[in-house]
Amino acid sequence: MTAIENEIQYNCAMERIEELLKVVDNDTPTNDKNSIELVLLSNLVADYEDIHYPVGKPTLVEILKLRMFEMGITQTKLASILGMNPSKVSEILSGKTEPTLKQARKMSKELNISPSVVLGL
C-alpha cells in the first residue's frame, strides 16, 4: 500500500493503529514488526488526513481566546494589559472589528503572539 485511497481504508488503518498502540510503547525497539507497522500506518494516515481533513490556520479571535484561557484572564483584564477600552476588546473578540496596527503590535508584544498571526498573514 502506497497511499490510503478511501474512507474505508482510512478507518481500517485507524483501527489497526489503535490495536498497535496497545502493544507498542516507548520501550519497543524500532526494529520490532509492530513498531514498524505503526510508523508506516501512522504516516499513511497523516498523509490522508492532510488531504481530506486539513487544519486551517487559527484566527486572531481564536488565538486571543486561547491566550486568555492560558493566562487565566478576563476580557477586562485583557483590555487592561493591552491599554484598550474593554468595549473595543469585546468588538475584536466578537469579530466585529479588527485591531489597529498599533493595537496589533501591542497584542503581539504583550501576549507573545506572532506578528504574522495578529496581522492575519
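The values are calculated or read from the model by the stated rules, or taken from the named source; none is laboratory data. Note that the structure is a prediction, hence the values are computed from the model and not measured. No Cβ is skipped: glycine too gets one built from the backbone with ideal geometry, and neighbour counts run over all protein chains shown.
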Verdict on Ser87 being in a helix (DSSP H, G or I), among the hydroxyl-bearing types (Ser, Thr, Tyr) and surrounded by 12 or more Cβ atoms within 10 Å (Cβ to Cβ): no
Got a sec? Which of Leu101, Leu38 is more than 22 Å from the chain's Cα centre (by Cα) and crowded, with 16+ Cβ neighbours inside 10 Å? Leu38
Within the stretch 104-116, the residues that are part of a loop (DSSP other than H, G, I, E, B) and surrounded by 12 or more Cβ atoms within 10 Å (Cβ to Cβ) are Ile113
Output the residues belonging to the stretch 1-53 that are in a loop (DSSP other than H, G, I, E, B) and in contact with a helix residue (DSSP H, G or I) (Cβ under 6 Å, 6 or more places away or on another chain). Ile4, Val23, Val24, Thr28
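Kindly indicate whether Val24 is of a type in the set (Val, Ile, Thr), surrounded by 13 or more Cβ atoms within 10 Å (Cβ to Cβ) and more than 23 Å from the chain's Cα centre (by Cα). Lay out the reasoning, then the answer.
Numbers: of a type in the set (Val, Ile, Thr): yes; surrounded by 13 or more Cβ atoms within 10 Å (Cβ to Cβ): yes; more than 23 Å from the chain's Cα centre (by Cα): yes.
For Val24, the condition - of a type in the set (Val, Ile, Thr), surrounded by 13 or more Cβ atoms within 10 Å (Cβ to Cβ) and more than 23 Å from the chain's Cα centre (by Cα) - is met.
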Conditions (1) surrounded by 12 or more Cβ atoms within 10 Å (Cβ to Cβ); (2) closer than 12 Å to Leu64 by Cβ; (3) in contact with a helix residue (DSSP H, G or I) (Cβ under 6 Å, 6 or more places away or on another chain): number failed by Ile92: (3)
Check the stretch 51-67 and report whether any residue there is more than 29 Å from Tyr10 (Cα to Cα), of a type in the set (A, V, I, L, M, F, W, C) and touching a Gly at 6+ places or on another chain (Cβ under 9 Å). yes
Of the conditions (1) at pLDDT 95 or above; (2) surrounded by 13 or more Cβ atoms within 10 Å (Cβ to Cβ), the single one that Ile8 does not satisfy is (2)
Does the stretch 75-82 contain any residue that is in contact (Cβ under 8 Å) with a residue 24 or more places away in the chain, in the same structural domain as Ser108 (by TED's automatic domain parsing), of a type in the set (Val, Ile, Thr) and surrounded by 10 or more Cβ atoms within 10 Å (Cβ to Cβ)? yes
